[in-house]
C-alpha cells in the first residue's frame, strides 16, 4: 500500500496495512539533505530535494511544502527578516497593517505572480507531485485566520483588537479567508492532495473569543478547501485544551494535537470519529529521549486516541533529533 493510499484510506475509515506516518519536518529535512534553511525557504527545488530525502529515509507517507508562515505576508509587502540557516521572520514592529485603514487598501495577491513566495510554494507542490506521483501524499499549506491576521497586524496588536475593535478583526478575517481560499485552490490545482491550515495564534486566546470570532472563519476556510476536493489538516501549536471542542467541529479531516493538550482529552472532546495526529513532546521526548522512550510515548498516544490515529509529534521535528529516535516512530507506525 502506498503512503498516499494509506493516508486517504485511513481518513475514509477504511482498513490499512499500518498506521499512517506524518511528522512535520522543515529544518530537520533541510539538515538531512545538507541544505541551509534560508535556501530551503527561498527555493522550491531545495525544499523538494530535502522533503524527498527525509521521506525516503524515514519512510514517511507524505511530503510537504510547509516552510514558514511568511509566504503570504511577503507577497503582500510585509517586512521580513531573512537568515542564512533559520526560518524567515516577520518583523512585528513594522507590521504591514500598522493602521487599520490600510486593510481597505490591500488587494488579494496573485498566487502565481512571478517571483512571489506563494508561487514558489505552488511550484514546490507541482514538482513534488511530479516526483512522488501516487506513492506519497502531497501536502500544501495556508495560514489560518488568526495566525495570518497576526502576521499582518502584529500579534500583540491583534490581541488588543479583540477587545478594542472586534468588527475590524472580523473584517481582517474576511480578507484572510478570501486570500487563503484562493491560495489553497491554486495549490490543489498544482497537485496538493491535502492542505494544512496552521493557526498557532488561536492557542493564545480564550474559548469565548475562539468560539465567537475565530471558529466561524476557520470553519468557512476549511469547508472551502474541502470543496476543491482536497483533504484538510488543522494544526494549532501550543496549549489548545480550552478550544478542543471547537477544533473537533471545524470540519478538518485531520486534527493535530500539540503535546500540552493530552490525547485522551482531545478524543473525549472531539468524539470517536475525528482523526487525530500526534502528540509527543517534540523536544523533551523526541529529540532528547531514547528510541525506547519515544516508542513508549507514541504507544500511549495511540492507546489514548484509539483507531482514528496518525503517528506524528506534537509539532515540528526539531533539528538535532537523533536518527534512531525518529526511526522509532517509523517502526511503531509500520508495526501497528
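Each reported figure results from applying straightforward, stated rules to the coordinates on display, with no laboratory input. Bear in mind that the values here come from a model prediction, so they are computed numbers and not experimental data. Positions of Cβ are generated from backbone atoms using ideal geometry, with glycine treated the same way; all protein chains shown enter the neighbour counts.
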Rounded to a whole number, the Stokes-Einstein D of segment 52-134 in µm²/s (Kirkwood radius over Cα pairs; 25 °C; 0.890 mPa s) is 164 µm²/s
Residue span residue 42 to residue 189: 0.36 nm per residue of separation minus Cα-Cα distance leaves a gain in nm of 50.8 nm
Protection proxy (average C-beta count within 10 Å per residue), highest first, orders 255-261, 1-7 as 255-261, 1-7
Expressed as a whole-number percentage, the relative contact order of segment 1-120 with C-alpha contacts under 8 angstrom and at least six residues apart is 22 percent
Most exposed to least, judged by fewest other Cβ atoms within 10 Å, 61, 161 sort to 161, 61
As a percent rounded to 5, the proportion of antiparallel DSSP bridges among beta bridges in the chain is 10 percent
Longest principal axis of the chain (C-alpha) makes with the long axis of helix 155-164 (C-alpha) an angle, in degrees to the nearest 10, of 60 degrees
Checking rank on 208-221, 83-96, with mean other Cβ inside 10 Å and highest first, the result is 208-221, 83-96
So the pair-distance distribution of segment 1-144, from every Cα-Cα distance in 10 Å bins, comes to percents of 11, 36, 30, 16, 6, 0
Long-range share for segment 199-336, i.e. C-alpha pairs more than 26 Å apart as a percent of all pairs, stands at 24 percent
Taking the chain and counting helices only, DSSP H stretches of n ≥ 4 at -39,500 (n - 2.57) each over all residues, the nearest-500 ellipticity at 222 nm comes to -14000 deg cm²/dmol
Segment 1-15 and segment 72-110 have their Cα centres apart by a whole-number Å value of 38 Å
Once normalised by the length of the chain, the mean sequence separation of its alpha carbon contacts under 8 Å that are 6 or more apart gives a contact order in percent of 18 percent
Once the mean of 1/r over all distinct C-alpha pairs in segment 99-221 is inverted, the Kirkwood radius in Å reads 15.4 Å
